[in-house]
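Rule-based calculations on the coordinates, nothing more; no lab input. Just so you know, these numbers come straight off a predicted model, no measurement behind them. Note that each Cβ is placed from the backbone with ideal geometry, even for glycine, and that neighbours are counted across all protein chains shown.
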């Protein structure tokens, strides 16, 4: 169910600003974007926002649970609006494309460590690495974006 960005911000107790609304809108359309990719899209959409302001918005929105930050190994942090569920990610080693994949077990944590060392395990973050269909077929060059 889609909820307008302004409503999501108010529900989280946050002030509604053009930058925060734009950040949520862009991520709804372009999930798994980096801060730099977001900055380009937000500026391209006519919202004047510095890269530092984008980073600040991402930090606040992530802290309030409106965004999820993922950090695929060897790459920049990426952000998504899909929060509060138990899903994982597929990452293409050719073009860095990231897509969501639902958890096969359905409930968190998906994996149980052999020894918890006294920790109370709440979640497991799983990243699958491989080659997307476009890279496998040579449909686009390496180094593309999400």
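The GNM of the chain, with springs linking C-alpha atoms under 10 angstrom apart, assigns the highest mean-square fluctuation among 34, 105, 50 to 105. Comparing 104, 52, 33 in a Gaussian network model of the chain, where Cα atoms under 10 Å apart are tied by springs, the biggest mean-square fluctuation is seen for 104.
Taking only the Cα atoms of region 5-70, the ratio Rg/Rh comes out at 0.91, with Rh defined as the Kirkwood radius. Per-residue ellipticity at 222 nm, computed for the chain from helices alone with -39500 (n - 2.57) per DSSP H run of at least four residues, works out to -9000 deg cm²/dmol. The Cα-based radius of gyration and maximum Cα-Cα distance (Dmax) for the chain are 16.8, 51 Å. In terms of overall dimensions, the C-alpha atoms belonging to region 85-137 reach 46, 20, 13 Å along their principal axes, ordered largest to smallest.
Between residue 105 and residue 86, the simple label model (points 7 Å from Cα in the Cβ direction) yields a spacing of 0.7 nm.
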